[in-house]
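Have a look at the structure below, then the notes.
The values are calculated or read from the model by the stated rules, or taken from the named source; none is laboratory data. Everything quoted here is computed from the prediction, not taken from an experiment. For neighbour counting, all protein chains shown are included, and Cβ atoms are generated from backbone atoms with ideal geometry for every residue, glycine included.
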Amino acid sequence: MRRSQLFVKTRRDAPADETARNAQLLIRAGYVHKEMAGVYTFLPLGLRILTNIANIVREEMDAIGGQEILMPALQVKERYEKTGRWDDKVVDDWFKTKLVNGTELGLGFSHEENLSPLLKNFINSYKDLPIAPYQIQTKFRNELRSKSGLMRGREFLMKDMYSYAISEDQHKAFYEKAKLAYQKIFERLGIGDKTFITSASGGSFSKYSHEFQTLSEAGEDTIYLDRKKKVAINKEVLNDEVIKDLGLVRNELEEVKAIEVGNIFNLGTKFSEPFGLKAVDEHGKSVNLIMGCYGIGISRAMGTIAELLNDGKGLIWPESIAPFTVYLARLGDAQNALETAEKAYNELTGAGVKVLYDDRRDASAGEMFADADLMGSPIRLVISQKTLQEGSAELKKRTSDDTQLVRLDKLVETIANSQ
C-alpha cells in the first residue's frame, strides 16, 4: 500500500474524552474512529489488525476440530424464554428491538439459544460427536460503562465456540484441547508471557471455569498469581479451600490487575435440555448433550495488545498481527531515490512482504519517522540520498534504537531473516 493512497490520517493529540491508552493510540495512529462510547469504526489499518487476530484464532480453532459458521445477530425471544434469559433481571445488558409488526427481538450477546435448536437437525447419535461450531461475529451488550476503549465495548467482535459431547469424558477431553489452543493463540498474538490461566467461578456445572487474564494496570479484574506455576485465581473465588484445591500457597500469590481476554467454561445440559437436543449413546440410550463454551474477544484482544505493547512514540505491533511488516520511507524527490524506492517496494511486495510505502512529497523526514513509530510497524526502512551513497537502505526495528545499513540487493533476504 502507498501512503498517498491510504485512507488514514494520524493525529498528534488524542481526543479529550478518551482516557484509555489503547483507544488514544489507536485513534491517533489512524486505526479506529470513535463513534460513541464503546462503539468504534475500524479503518483500513485497524481492520487489517482485526483480521489478522481473527485468522490466528481461526487457525487454532480449526486445528482442534472447530467448524466455522455465522449465525444471525437478531435473536428469537421465545428461545431465550425457554432458558430464562430473556428476563432483564437475569441478563441485564440486552439490546432489544421490535419488528414493524411488534415482534420483539434481541441483538445477540451470546448464541447458545440459537445454536442448540439448529443442531437438532444434524445430531442423532454419538457417532456425530463431539462437534464444536464457532463463529466470529459482532456482539451487542448494553454496558453501563464503556471507558476502556476497545477493551469494553457495546458493539464488539467476538469468537464464540460451543462444544457438544455425548459424555462427561468426551467433553473434558475437548475442553482440555481448547485450553491448550487458547494458550497457543495468546503466544501467537505476542502476549503469551503476560497471559495466565485463571481459575474462576464454575457456576452450577463445575467447580471452576477458566479465564485467560493478561496482566495490566488497566485491567478491571483482580487476580492472585503464582508466577512460577503460571496459574492464577480470580479474586471472586479466592479462599483457603480453593488455594489448597489448586495446590497453591497463599503467601506465594501476588495480587495483580488483569484484563480478561478469553474464557472457557462448562455449560452442562443447560442449553441442550430445554430444546430437546439429545443423541443416542453407544448403549442405545438417549441422553442430553453436554456443552462447553469458549470465548475470545477479537477486538478486546486488539485493544489489550495496544494497551500493553507501546512506548512514548506509539504502538509496537507483533509481527504476527502487524498491518504491515515494513514502513518504507523515501526522503526527497531526487530521481534516483524515487526509482530505488519504487524498485525496493516492488521487490519486497513481490516476495510477499507487507509494505506501507510512504511516498508523500509534502511530508518531512521527521513526520515520516514519527508516523512510522506511532503506527508501530516492526521495521522502518529509509531510502535517501545519504543511504544511496552507500548503495544501501537504513533499517531500524521498532523495538530498538539502533539502525543498520542494508545493501539494496540484500533487502529481501535481510528482512526475511529479521522476521
Query raised in the report: Has the stretch 171-186 got any residue that is touching a helix residue (DSSP H, G or I) at 6+ places or on another chain (Cβ under 9 Å), within 30 Å of Leu26 (Cβ to Cβ) and either surrounded by fewer than 20 Cβ atoms within 10 Å (Cβ to Cβ) or charged (D, E, K, R) (or both)?
Result: yes
Report summary line: How many residues of the stretch 285-329 are buried (at least 20 other Cβ atoms within 10 Å of the Cβ) and among the basic types (Lys, Arg)? The answer is 1
Query raised in the report: Restricting the stretch 197-222 to residues that are in contact with a Phe, Trp or Tyr (Cβ under 9 Å, 6 or more places away or on another chain) and assigned to a loop (DSSP other than H, G, I, E, B), which is nearest to Leu308 (Cα to Cα)?
Result: Gly202
Query raised in the report: Just checking, which of Ala329, Ala334 is without any contact (Cβ under 8 Å) to a residue 60 or more places away in the chain, among the hydrophobic types (A, V, I, L, M, F, W, C) and touching a Lys or Arg at 6+ places or on another chain (Cβ under 7 Å)?
Result: Ala329
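Kindly provide the set of residues from the stretch 242-264 that are closer than 28 Å to Pro117 by Cα and either assigned to a helix (DSSP H, G or I) or modelled with pLDDT under 95 (or both), ordered by number.
Taking the stretch 242-264 as the starting set, the residues that turn out to be closer than 28 Å to Pro117 by Cα are 262-264.
The answer is none; no residue qualifies.
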Requested in this report: Hey, can you tell me all the residues within the stretch 338-376 that are loosely packed, with under 15 Cβ neighbours inside 10 Å and closer than 25 Å to Arg12 by Cβ?
Outcome: Arg361, Asp362, Ser364, Ala365, Gly366, Glu367
Query raised in the report: In the stretch 65-124, how many are of a type in the set (Asp, Glu) and closer than 19 Å to Tyr294 by Cα?
Result: 3
Report task. State whether the residues of the stretch 230-241 include one that is assigned to a helix (DSSP H, G or I), out of contact with any Asp or Glu (no Cβ under 9 Å at 6 or more places or on another chain), surrounded by 13 or more Cβ atoms within 10 Å (Cβ to Cβ) and in the same structural domain as Gly202 (by TED's automatic domain parsing). Result -> yes
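So that you can scan it fast, the table gives a plain yes or no per residue for (1) more than 26 Å from Asn52 (Cα to Cα); (2) in contact with a His (Cβ under 9 Å, 6 or more places away or on another chain); (3) of a type outside the set (Asp, Glu):
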position	(1), (2), (3)
Glu252	yes, no, no
Leu267	yes, no, yes
His283	yes, no, yes
Ser299	no, no, yes
**Report entry** Residue match in the stretch 46-65 (condition: among the hydroxyl-bearing types (Ser, Thr, Tyr), in a helix (DSSP H, G or I) and closer than 29 Å to Ala178 by Cα)
**Finding:** yes
Query raised in the report: Does Arg85 meet the test of being of a type in the set (D, E, K, R) and within 28 Å of Thr214 (Cβ to Cβ)?
Result: no
